[in-house]
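The values are calculated or read from the model by the stated rules, or taken from the named source; none is laboratory data. Keep in mind that this is a model prediction, so the values were computed, not measured. Cβ placement follows ideal geometry from the backbone for every residue including glycine, while neighbour counts extend to all protein chains displayed. Side chains included, ligands, DNA and RNA excluded: accessible areas come from the protein's heavy atoms. Shrake-Rupley method; radii C 1.70, N 1.55, O 1.52, S 1.80 Å.
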Amino acid sequence: MFTASLALPGDQALRRSPDRHPQRPPRRLGRLLAIPLLLLCAHGAAQAQGRVQAWITTGDQTRLLARGADAAFGPGAKAATVIEVDPSQRYQEMVGFGAAITDASAWLIQNRLTPQQRGALMNELFGKAPGANFSFTRLTIGASDFSRHHYSFDDMPPGQTDPTLAHFSIEPNRADVLPVTKAALAINPQLRVMASPWSAPGWMKSTDSLIQGTLRPEAYAPFAAYLSRYVGAYEQEGVPIFALTLQNEPHFEPKDYPGMRVEPAQRAAFIGGHLGPLLAKEHPQTRILDWDHNWDEPGSPAAVLQDPVASKYVNGVAWHCYAGDVRVQAALHDRWPDKDTYFTECSGGKWAPVWSDNLNHFARTLVIGATRGWAKGVLLWNLALDENDGPHLGGCTDCRGVVTIDSRDGKVTRNEEYYALAHASRFVRQGARRIASTSGYDDLDTVAFRNADDGSVALLVVNSAKTPRSFAVRLAPGRRSFSYTLPAASVATFTWQP
């Protein structure tokens, strides 16, 4: 029986492998800081063969995704620490990087920005370089804690039910979530949209409420139809749903915002007997991802993947950061290599006040650690929140968005998470393949990708030391290399043409 005590490989083996990465225990990090927008040079111009562009963000914020000095490949650069990059060793194909368009994020973008401010921010987030080029996002199917009121798409008075979904409507999303998502798709038509419910409609649950409770067995078929109806309604609006999870954080029942506990046996029965066959018939292009919860309980998605009926319909596993160790992603992938991996939620917040630590954590653990752990996509939580860490109703009171929008004047602050994501999203295009790179030496952690369209390579390096680190990057085959020195507590992306 595959249990939650999933064996992790030893640290030494992990550090020396091109497709593994050592991680410290995850922690929530961050604080609210205003960071000025820099005018950034375009990345897409053709590079001379042998030249390497460097883009750097430092923990002291003196450089924020800024061009560093170029480097050049030569026959054999000298350095004590050598990062080997081998494009011939290829791993997962990337869907992309981004953050969730929550109700709060969409409401702020739609209602607290002028049309000019809105257009500028959306182009910066979803547009190609010099934009962040986010190509992956997440929607909530109904309310989360980051909603201004709690709702589903088929609410009924207490004691009443609607098994035929006669009252189903996505009307609550028409004022902000749909317009913002459509605007993002207009800027980046390759944007992949996944969606997760925080709760089934209350009448489907043991509590007859959006708050707490479990899904009633007699509601399995109506809930599957509800999710399929959502996919169809969004498709009619021009928003294709790339993937669904059947429940956000199914082992957590919050007391003050929508949630629902769904054990592995229930998820397997629901997917295998209801949602899987229905989506295969009505929306075969939409993937089903299981779990959508923390790294600390890998036995829960493993139990669903072990179910022979449900497993046929499960495309992959989605993970959150709030407990456990990122290395379980790779360990689970080793047992089910035919199932995809996605990282779908993590938030920074005021609980950790050091900007440089936050930058290091998000870049090292999520952008690097999650992708080295086979994640095809990496999503953070709220795309945008306001100066009061909202709007929200229940739940987290001090979470931070990827950007902060001042609700009084529309001023935008780019937070630590923005830079951690953009160091990958701007340079790693959808369809890129992760390639081999050594990692975990001398406080330097790495991940590398090769873009499918032009063959260009992007190498992310995090220096988590308190002092500068010098190293060489050696490219196989041919053994060409270049040397570089990164400042203390910094993140860099190096790009070059083959």
Worksheet, complete the sentence: Within the under-12-Å Cβ sphere about Thr181, not counting Thr181, Lys/Arg +1 and Asp/Glu -1 give a net charge of +1
Worksheet entry | In nm, spacing of pseudo-spin labels at Ala265 and Gln306 (7 Å Cα→C-beta vector) | 1.3 nm
Worksheet, complete the sentence: In order over segment 132-141: 3J(HN,Hα) from phi, Karplus 6.51/-1.76/1.60, θ = phi - 60°, whole Hz, x for each Gly or Pro, gives 6, 6, 4, 10, 8, 8, 9, 10, 9, 8
Fill in: segment 96-430 - share of DSSP beta bridges that are antiparallel (%, nearest 5)
15 percent
Response to the item:
In Å², rounded to a whole number, the accessible area per residue of segment 96-430 with probe 1.4 Å is 31 Å²
Worksheet entry | Separation between Cα centres of segment 168-236 and segment 362-393, rounded to whole Å | 21 Å
Worksheet item: Residue by residue through segment 451-460, which ³J(HN,Hα) values in whole Hz follow from phi under the Karplus form 6.51 cos²θ - 1.76 cosθ + 1.60 (θ = phi - 60°), with glycine and proline marked x?
Response: 6, 6, 6, 10, x, 5, 10, 10, 10, 9
Practice prompt. Would you calculate the separation in nanometres between label points at Ser206 and Lys466, each defined as 7 Å from the Cα along the Cα-to-beta-carbon direction?
Written response: 5.0 nm
Fill in: Scattering curve values for segment 57-179, log₁₀ I(q)/I(0), Debye with Cα scatterers, q = 0.14, 0.16, 0.19, 0.23 Å⁻¹
-0.89, -1.02, -1.21, -1.37
Practice prompt. Can you give me the three principal axis dimensions of segment 257-365 from its C-alpha atoms, in Å, biggest first?
Written response: 49, 35, 25
Worksheet item: P(r) of segment 72-138 in 5 Å steps, Cα pairs, percent per bin?
Response: 4, 12, 14, 16, 12, 9, 10, 8, 8, 6, 3, 0
Item to complete: With an 8 Å cut-off on Cα pairs and a minimum separation of 6 or more residues, tell me the relative contact order of the chain in percent.
Response: 27 percent
Fill in: Amide H contacts under 5 Å for Ala432, placed H, 5+ residues apart
Met94, Ala452
Worksheet item: Carbon-plus-sulfur fraction of the accessible area of segment 96-430, 1.4 Å probe, in percent?
Response: 50 percent
Item to complete: Could you work out the Kirkwood radius for the chain, taking every pair of different alpha carbons, averaging 1/r and inverting it, reported in Å?
Response: 22.9 Å
Practice prompt. Sticking with the crude label model, points 7 Å out along Cα→Cβ, report the distance from Glu93 to Arg335 in nm, one decimal please.
Written response: 2.7 nm
Worksheet, complete the sentence: Once Ala452 and Lys281 are pulled to full extension, the length gained, defined as 0.36 nm per residue separation minus their Cα-Cα distance, is 58.4 nm
Worksheet item: Hey, quick one: spin label on His149, modelled 7 Å out along Cα-Cβ, who in segment 383-423 has an amide N within reach, i.e. under 19 Å?
Response: 391-395
Practice prompt. Any chance you could run the full-extension gain for Ala186 through Lys128? It's 0.36 nm times the residue separation minus the Cα-Cα distance, nm to one decimal.
Written response: 19.6 nm
